[in-house]
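Reviewing the structure listed below.
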């Protein structure tokens, strides 16, 4: 059976005083290209559907061509409102600062996270992608991350970006408040944490490691 992956991306294109943001392109492309190479069936969704914004800071003169080329797949995404958990084996949330603004409060994303997790399907996220986990609760009302080991963009890394003052909250701190055990590595180092069907990574550099863990789990 072909594995089916649902990727959900942010639709938020600004932060703070109209500073451009969106998905961090490599966090999408590193995962998407690896999934396609494995022969997985991938659906690209976003909170609002349509064109998913890309953070301009994630592109520079050193960005690999295959990463740049992957942006074309974000031109016409499916709205998260139109997807069904039953159709997929994995929910994958790439990051980018945009996720901090439209992931935590989105009811459909919260529903999908609960459904995937309680159906014992994989929930995977990297960098700021775990912002989606902030609003997610289980059927018993407990935070999905309570008592779980996770990784995410750290408070120290956020201060390093100088965008900490623009954020609605600091992701690492918020996850700890919700009862998660956040495992962190040095700034910008590869860090992946696996807790059952929950797989998370710390930053853009961690995306290939997270994807490798998932592919290994999927067999």
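No lab work stands behind these numbers, since they all come straight from the coordinates. Note that the structure is a prediction, hence the values are computed from the model and not measured. Note that each Cβ is placed from the backbone with ideal geometry, even for glycine, and that neighbours are counted across all protein chains shown.
Structural remarks
- Based on every Cα atom in the chain, Rg and the maximum pairwise Cα distance Dmax equal 15.5, 48 Å.
- Segment 81-111 residues near the modelled residue 217 label - backbone nitrogen below 20 Å, point 7 Å along Cα→Cβ: 84-96, 109-111
- Once the C-beta distance of residue 43 and residue 165 is scaled by a Förster radius of 30 Å, the resulting FRET efficiency is 0.25 to the nearest 0.05.
- The simple Förster model, with R0 at 35 Å and r as the Cβ-Cβ distance, assigns residue 60 and residue 140 a FRET efficiency of 0.20.
- When both segment 1-73 and segment 170-219 are represented by their alpha-carbon centers, they are found 18 Å apart.
- Mean separation of Cα contacts under 8 Å, 6 or more apart, over the residue count of segment 4-218: relative contact order %: 20
- Pair residue 189, residue 79: separation of 7 Å Cα→Cβ label points (nm): 4.4
- Cα-based shape type of segment 60-164, given that a ≥ b ≥ c are square roots of the gyration tensor eigenvalues and the cut on a/c is 1.5: oblate
- Packing-based exposure ordering (other Cβ within 10 Å, fewest first) of 33, 6: 33, 6
- When you restrict to C-alpha pairs under 8 Å that are six or more residues apart and normalise by the size of segment 80-144, the relative contact order lands at 40 percent.
- Rounded if a/c under 1.5, otherwise prolate or oblate - segment 1-118, Cα gyration tensor axes: oblate
- Shape call, segment 97-219: gyration tensor on alpha carbons, a/c limit 1.5: oblate
- The chain: calculated mean residue ellipticity at 222 nm from DSSP helix runs of at least 4, using -39500 (n - 2.57): -8000 deg cm²/dmol
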